[in-house]
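Trainee: Structure in structure tokens, see below.
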Amino acid sequence: MSNKLKLKFCGGAGSVTGANFLLHSEEIKILVDCGLEQGSKMAEVENWEAFPYNPSEVDYLLVTHAHTDHIGRIPKLIYDGFKGKILSTPATKDLSRVMLEDTAHILSESESGKQYHLDKIYSENVVHHIFSLWDTVEYHQNHDLGKGFNIFLKDAGHILGSSMYEITYNGKKILFTGDLGNSPSPLLADTEFVDSADYVVMESVYGNRNHEERSERKENLKNVILENHKKKGTLVVPIFSLERTQEFLYELNEMAEANEIPSMPIFVDSPLAIKVTDVFYKHKNLFKEAVRKDISSGDDIFKFKGLRETEKTKDSKAILAAPNPKIIMAGSGMSAGGRVMHHEKNYLTDSNATILITGFQTPGTPGRLLLEGAKEIMIFDEPVKVKAQIKMIKGYSGHRDADNLFDFVSHIKDVKKIFIAMGEPSVAMFFAQRLKDNLGLNAFVPEKFQEVELDF
Ligand SMILES: [Zn+2]
């Protein structure tokens with residue numbers, strides 16, 4: 001017997017962010033992810049428009065991982081009437097709590113916060129209610145959704161707790177990849193492979209390029225630190241609080257213990273990063289084997305001599321008076337908010353300081369302007385001269401690059417159709433063409449709000 005299921009690309013099609021996919025039939029409605037679109041004025045408006053489905057009719061929300069572009073609209077989903085079950089790994093649930101509380105805080109102070117009544121949508125009550133609907137599923141356990149639907153979670157290796165969803169129905173399988181990791185990661189287990197699937201919905205953020213200097217990234221980081229120490233400067237690192245901070249702490253811990261870098265004050269100046277690191281400690285069973293061995297031999301993998309976590313504002317302000325050489329890691333990762341803006345205001349004018357950029361910078365963000373060689377940037381509406389050295393280390397990315405995305409797909413047998421999503425349109429097209437040309441796959445780039453029929 002053949003059945004039809006419908007798949008609607010409600011977000012995360014034609015763009016990297018805003019993942020939101022609806023798989024549905026007469027009997028059941030399953031959402032995968034409910035993320036914020038980020039990075040443009042238009043996205044800010046679209047995020048708060050009505051969903052292209054009735055949230056009160058949705059039975060399940062499956063969450064792949066705790067990045068805001070995959071979870072940031074869950075409060076709106078609840079506010080608009082969702083009464084179903086939310087499912088994810090335990091680590092994703094714990095990280096989502098920390099991330100959503102932080103997003104609530106940021107949005108409450110933003111322009112769109114006032115315009116779209118985000119204080120109500122993101123109220124404490126709503127965020128609290130989310131977690132009363134949220135159950136957890138471990139990796140590699142079959143979980144019955146009823147009506148003949150079954151889910152199975154695999155480790156995506158992207159951030160702590162990240163998962164792919166295999167949904168089976170009527171003997172057929174659809175795979176939702178979520179974001180796929182840039183394995184091997186310093187901390188996480190490798191992205192798992194999938195043997196077979198009839199349909200695949202996959203990410204394509206780096207579908208047209210490979211990561212450079214991956215193998216040298218730790219060495220490059222060490223050299224920047226040593227150089228800063230030698231000139232007795234301040235090294236400011238704008239950094240993402242989730243995953244990148246913990247990767248850096250782990251690598252700094254290794255360097256410190258091997259005496260590869262001298263002891264100096266290293267500040268983690270981000271309340272969010274400190275909370276996220278606590279969640280990492282709680283789920284240390286998810287780390288790769290080598291890291292688990294370090295832990296069982298008694299090593300505190302995120303702590304070393306010189307490390308200072310500054311949660312309170314007064315401690316953050318006191319960093320300015322701390323003697324050089326020193327390192328300050330602070331959010332946000334693109335210098336578009338957070339405490340790093342205060343540090344950049346203090347240190348961009350200091351020719352003996354270094355700003356170290358470690359990740360992709362969206363066009364238009366202060367981080368991107370610095371990379372492009374701006375002589376002056378605006379911080380808190382005031383022009384600040386750029387005299388500090390601006391450096392970038394490549395190779396630190398949480399996403400699989402083009403060759404590794406291709407390799408992932410080449411392991412999956414019996415694919416009837418593969419949907420290339422979560423990438424810029426030109427990138428997704430490029431990757432789809434590569435899959436057609438080299439693997440002979442029926443690869444398709446959906447547009448936002450497009451709906452397709454699947455044979456099940
Ligand atoms: Zn992600």
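The values are calculated or read from the model by the stated rules, or taken from the named source; none is laboratory data. All of these numbers come straight from a predicted model, not from anything done at the bench. Cβ placement follows ideal geometry from the backbone for every residue including glycine, while neighbour counts extend to all protein chains displayed. Ligands, DNA and RNA are stripped out before the accessible areas are found, and what is left, the full protein with its side chains, is counted by its heavy atoms. Shrake-Rupley method; radii C 1.70, N 1.55, O 1.52, S 1.80 Å.
Trainee: Using a 1.4 angstrom probe with every protein chain in place, what is the largest-first accessible-area order of TRP48, TRP134? Walk me through the numbers on the way to the answer.
Mentor: Values: TRP48 30, TRP134 5 Å².
If we order TRP48, TRP134 from most to least accessible, we get TRP48, TRP134.
Trainee: Around PRO238, under 14 Å between beta carbons, what's the net of Lys plus Arg minus Asp minus Glu among the other residues? Mind showing how you got there, number by number?
Mentor: On the way: positive: ARG244, ARG339, LYS345, ARG368, LYS391; negative: ASP269, GLU344.
For residues surrounding PRO238, the net value is +3.
Trainee: Heavy atoms of the protein only, probe of 1.4 Å, neighbouring chains included. What is the accessible area of HIS65 in Å², nearest 10?
Mentor: Around 0 Å² of this residue is reachable by solvent.
Trainee: First select every other residue whose beta carbon is under 11 angstrom from the beta carbon of LYS147; then total the charges, Lys and Arg +1, Asp and Glu -1.
Mentor: -3
Trainee: Using a 1.4 angstrom probe with every protein chain in place, what is the largest-first accessible-area order of ARG308, ARG244?
Mentor: Numbers: ARG308 115, ARG244 25 Å².
Ranked from most to least accessible, the order is ARG308, ARG244.
Trainee: Moving on to the next point. With a 1.4 Å probe and all protein chains left in place, how much of the accessible area of the chain comes from carbon and sulfur atoms, in whole percent?
Mentor: That fraction is 49 percent.
Trainee: I've got another one for you. As a test of the formula, what do you get for the chain when each DSSP H run with n ≥ 4 contributes -39,500 (n - 2.57) and the sum is divided by the residue count, at 222 nm and rounded to the nearest 500 deg cm²/dmol?
Mentor: Result for the chain, helices only: -9000 deg cm²/dmol.
Trainee: Ignoring ligands and nucleic acids, what accessible area does ASP195 show with a 1.4 Å probe (Å², nearest 10)?
Mentor: 110 Å²
Trainee: Per q in 0.13, 0.23, 0.29 Å⁻¹, report the Debye log10 I(q)/I(0) for the stretch 259-313, using one uniform scatterer on each alpha carbon and no solvent.
Mentor: -0.41, -1.02, -1.13
Trainee: Same structure again: Calculate, in nm to one decimal, what ASN223 and SER112 gain on full extension: separation in residues at 0.36 nm each, minus their alpha carbon distance.
Mentor: Gain on extension, ASN223 to SER112, equals 35.8 nm.
Trainee: Related question: Describe numerically, in nm with one decimal, the distance between label points set 7 Å from Cα along Cα→Cβ at ASN285 and at ARG209.
Mentor: With each label point 7 Å from Cα toward Cβ, the separation is 4.0 nm.
Trainee: Additional query: Over the stretch 76-220, what is the percentage of antiparallel beta bridges among all DSSP beta bridges, to the nearest 5?
Mentor: Roughly 70 percent of the beta bridges in the stretch 76-220 run antiparallel, per DSSP.
Trainee: Can you give the direction-averaged projected area of the convex hull of the alpha-carbon atoms in the chain, in nm²? Please list the in-between numbers first.
Mentor: Working: hull surface 84.0 nm².
Computed as one quarter of the Cα hull surface, the answer is 21.0 nm².
Trainee: Heavy-atom accessible area of SER215 with all protein chains present, probe 1.4 Å, nearest 10 Å²?
Mentor: Rounded to the nearest 10, the figure is 100 Å².
Trainee: Which whole number in µm²/s is D for the stretch 333-456 by Stokes-Einstein, with the Kirkwood Rh taken over Cα pairs at 20 °C and 1.002 mPa s?
Mentor: For the chosen part, D equals 121 µm²/s.
Trainee: Can you compute the modelled spin-label distance between GLN141 and ILE274, with each label point 7 Å from Cα toward Cβ, in nm?
Mentor: 3.3 nm
Trainee: Okay, moving on. Run the numbers for ASP299 and LYS312: contour at 0.36 nm per residue of separation, minus the present Cα-Cα distance, in nm. Let's see the in-between values first.
Mentor: Values: separation 13, 0.36 × 13 = 4.68 nm, distance 2.68 nm.
Extra length from ASP299 to LYS312 when fully extended: 2.0 nm.
Trainee: Now a separate question. Roughly how many whole Å is it from the C-alpha centroid of the stretch 94-161 to that of the stretch 384-449?
Mentor: Centre-to-centre (Cα) distance: 25 Å.
Trainee: Antiparallel versus total DSSP beta bridges in the chain: what percent is that, nearest 5?
Mentor: Within the chain, antiparallel bridges account for around 50 percent of the total.
Trainee: Enter the accessible area per residue of the chain (Å², integer; probe 1.4 Å; all protein chains in place). Don't skip to the answer; put the middle values down first.
Mentor: Details: 19100 Å² over 456 residues.
The answer is 42 Å² per residue.
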